[in-house]
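Taken together, the values in this text are just the output of simple stated rules run on the coordinates, not laboratory data. None of the values given here were measured: they were computed from a predicted structure. No Cβ is skipped: glycine too gets one built from the backbone with ideal geometry, and neighbour counts run over all protein chains shown.
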Amino acid sequence: LAITTALGLDPDTTPVSCPWIKNGKQIGWGGAMGPAQFIPSTWIGYQDRLRAILGKAPNPWDIRDAFLASALLLRDNGAARGGETEEWKAALRYFSGSVNTAYSFYGDQVLERARGYQEDIDLLNR
């Protein structure tokens, strides 16, 4: 509620991944927000840094703001140390908060997609 209120958004119509619904009516809010799927507490932890970079109030439902926040979070989770192993670990931390190998499928999918993007970039730069 604090995030939607600050952004002037209607919390009843702004999508989240796990709204609380009872008898067909929304009775609460929960889950991840926007295209990068930030949970509210994590987003709040990044708001000041994002505001300093963006020069405006960051919005988790704005794709540009969301993926800038993702880049910061992945860097903070170790992706900037270099190498696919560190990037894989950072992806797991993004997804589950830890390097739990039960979620290795997620890290594997992230790296596979990143490799595909890099192949496209390399092709365009020829």
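Could you please state, rounded to a whole Å, how far the C-alpha centre of the stretch 13-62 is from the C-alpha centre of the stretch 65-113? Comparing the Cα centres of the stretch 13-62 and the stretch 65-113, I get a distance of 20 Å. Spread over its residues, the convex hull of the C-alpha atoms of the chain is 144 Å³ per residue. Over every Cα atom in the stretch 32-105, the radius of gyration and the widest Cα-Cα span, Dmax, amount to 12.6, 39 Å.
Here the stretch 2-59 is described by how far its Cα atoms reach on the three principal axes: 42, 19, 16 Å, from widest to narrowest. Counting only Cα atoms, the size of the stretch 77-126 along its three principal axes is 38, 21, 13 Å, in decreasing order. Of all complete DSSP H helices in the chain, those with a Cα span along the helix axis of 27 Å or greater and a mean Kyte-Doolittle hydropathy of -1.0 or more are 104-124.
When the trypsin sites (Lys or Arg not before Pro) in the stretch 14-84 are filtered for DSSP coil states and for at most 11 other beta-carbon atoms within 10 Å of their beta-carbon, the remaining sites are LYS56. You can think of it this way: the chain between GLN118 and ILE53 has 20.8 nm of extra reach, that is 0.36 nm per residue less the Cα-Cα gap.
Within the straight-line cut-off of under 20 Å between alpha carbons, the aspartates and glutamates reachable from LYS89 are ASP76, ASP108, GLU112, sequence neighbours fewer than 8 places apart in one chain being disregarded. The calculated 222 nm mean residue ellipticity attributable to helices in the chain amounts to -17500 deg cm²/dmol, summing -39500 (n - 2.57) over DSSP H runs of n ≥ 4 and dividing by all residues.
Given 0.36 nm per residue, what is the gain on full extension from ARG126 to PHE105 after removing their alpha carbon distance, in nm?
Gain in length upon complete extension: 4.4 nm.
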